Amino acid sequence: MSGPDFVVLTGFLGSGKTTLLRDVLARPEAADTAVIVNEVGEIGLDAAILREEGGPARMAMLANGCVCCQLGSDLAATVDALLHAARPGAAGPLRRIILETSGLSRPGPVLRQLASLAEYRMRVSVVATFDALRGTATADFAEAAAQWAAAHRIVLTKADLVAAPRLAAARAEAAGLNPLAEIVATADRAAAVAGAFASLAPAPGRAPALPAAATPHPRIAVHLARPAGLPAYDDVATWLDNLAGALGERLLRLKGLVRVAGSAHPLLVQSVGTLFSPPRPFRDPGSAEAAFLVVITRDAGPEEIAAVAPAGLFALAGRGGAALAPPRGPLLARAEAVEGPGPR
Ligand SMILES: Nc1nc2c(ncn2[C@@H]2O[C@H](COP(=O)(O)OP(=O)(O)OP(=O)(O)O)[C@@H](O)[C@H]2O)c(=O)[nH]1
């Protein structure tokens, strides 16, 4: 049996995370939702209603049964406390936990902390806000680029402040930055709020379409890598390791299905930043022939990826900016296993 959905709500400073949270908490279906916020005051909670002072998590029960909790120093302990908290009058177990992260944080380290809670079998996903008014203006911040690239879903905010053509353009920008993400782009605020936190549908086992034009920001590139043949597992593992080492923080996201010699099913391979989920067989029948990796990078051109050893393992197609920065060389922080979201 699987546990609750765990949504990491990310997005740059001022992009509308707290407003989105406040709006979802006002909905009747939020009764089985818990939220973890950095600043209790942010969503208009009176600190005085927080009833647990000494425990690992300070909590408040909202009128509709939703639990609100302040992030403690230890995320795992906070989540643990939430899942075990008594909820008077609540119908059943929590169905969803939403963590609002700081506007200047990257999702990767949060996902790493969640890996220690694997026993709860939560379905973890990353939802990022994208300010329709500002668009890609914040993409020069490495954190903003990392947030969008990590997202399974990107929600356009401030749609009420822009005209329909700008909303459509913003949708295309978001899709161009991360073709793996589902995009919620609607001027209907209620639909946007509901869509932002709905359970994610499984993704088809095929490569997403690359944007027809360059990505909407010159420093962010989306590459489609296809294996040149049927590689050995060890060669793919070495290539991924070398890619993470060569790009370091410039590797924003990687996801795909790769057939390897001796395996009946393609392997689902994915990372958020350089944090890799353990590769696992992807048994979707429609994916038997699938073989592709989508690699989203910042300041890294296709030639740099093509040079990763073993060279020639993948053939590259790419869209995006030129390599602006020289390779930084292997980072000490290496790929680390995280329990990522399921195949999508
Ligand atoms: N008109 C309009 N204003 C919005 C919307 N979303 C957010 N805002 C405004 O934008 C500002 C920032 O919104 P927040 O929700 O606080 O953004 P945030 O991402 O939580 O910001 P940080 O906590 O600083 O990272 C506030 O003044 C909000 O009222 C929206 O959909 N429409």
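Condition test on Ala30, is it at pLDDT 70 or above, part of a helix (DSSP H, G or I) and more than 16 Å from the ligand (Cβ to nearest atom)? Step through it out loud before you land on a result.
On the way: at pLDDT 70 or above: yes; part of a helix (DSSP H, G or I): yes; more than 16 Å from the ligand (Cβ to nearest atom): yes.
It is true that Ala30 is at pLDDT 70 or above, part of a helix (DSSP H, G or I) and more than 16 Å from the ligand (Cβ to nearest atom).
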Subset of segment 120-134 (residues that are within 16 Å of the ligand (Cβ to nearest atom) and either farther than 14 Å from His217 by Cα or at pLDDT 95 or above (or both)): Val126, Val127, Ala128, Thr129, Phe130, Asp131, Ala132, Leu133
Top-ranked residue of segment 14-27 - restricted to ones that are over 17 Å from Leu161 (Cβ atoms) and touching a residue at least 40 places away in the same chain (Cβ under 8 Å), ranked as farthest from the ligand (Cβ to nearest atom): Arg27
Filter result for the condition that a residue is touching a helix residue (DSSP H, G or I) at 6+ places or on another chain (Cβ under 7 Å), more than 22 Å from Phe197 (Cβ to Cβ) and buried (at least 21 other Cβ atoms within 10 Å of the Cβ), over Thr136, Thr101: Thr136
Qualifying residue in segment 68-81 (condition: closer than 30 Å to Thr215 by Cβ, of a type in the set (Val, Ile, Thr), in contact with a Pro (Cβ under 9 Å, 6 or more places away or on another chain) and surrounded by 16 or more Cβ atoms within 10 Å (Cβ to Cβ)): no
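Restricting to segment 149-172, count the residues that are in contact with a Ser or Thr (Cβ under 6 Å, 6 or more places away or on another chain) and within 12 Å of the ligand (Cβ to nearest atom). Walk me through how you get there before you give the answer.
Kept after step one, since they are in contact with a Ser or Thr (Cβ under 6 Å, 6 or more places away or on another chain), are these residues of segment 149-172: 152, 155, 157.
Those still in the list that are within 12 Å of the ligand (Cβ to nearest atom) too: 155, 157.
Residues flagged as in contact with a Ser or Thr (Cβ under 6 Å, 6 or more places away or on another chain) and within 12 Å of the ligand (Cβ to nearest atom) within segment 149-172 amount to 2.
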Helices (runs of 4 or more DSSP H) contained entirely in segment 104-209, each with at least 2 residues that are farther than 20 Å from Pro4 by Cα and basic (Lys, Arg): 164-177
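The values are calculated or read from the model by the stated rules, or taken from the named source; none is laboratory data. Quantities reported herein were computed from a predicted structural model and do not represent experimental measurements. So basically every Cβ, Gly included, is an ideal-geometry build from the backbone, and we count neighbours across all protein chains shown.
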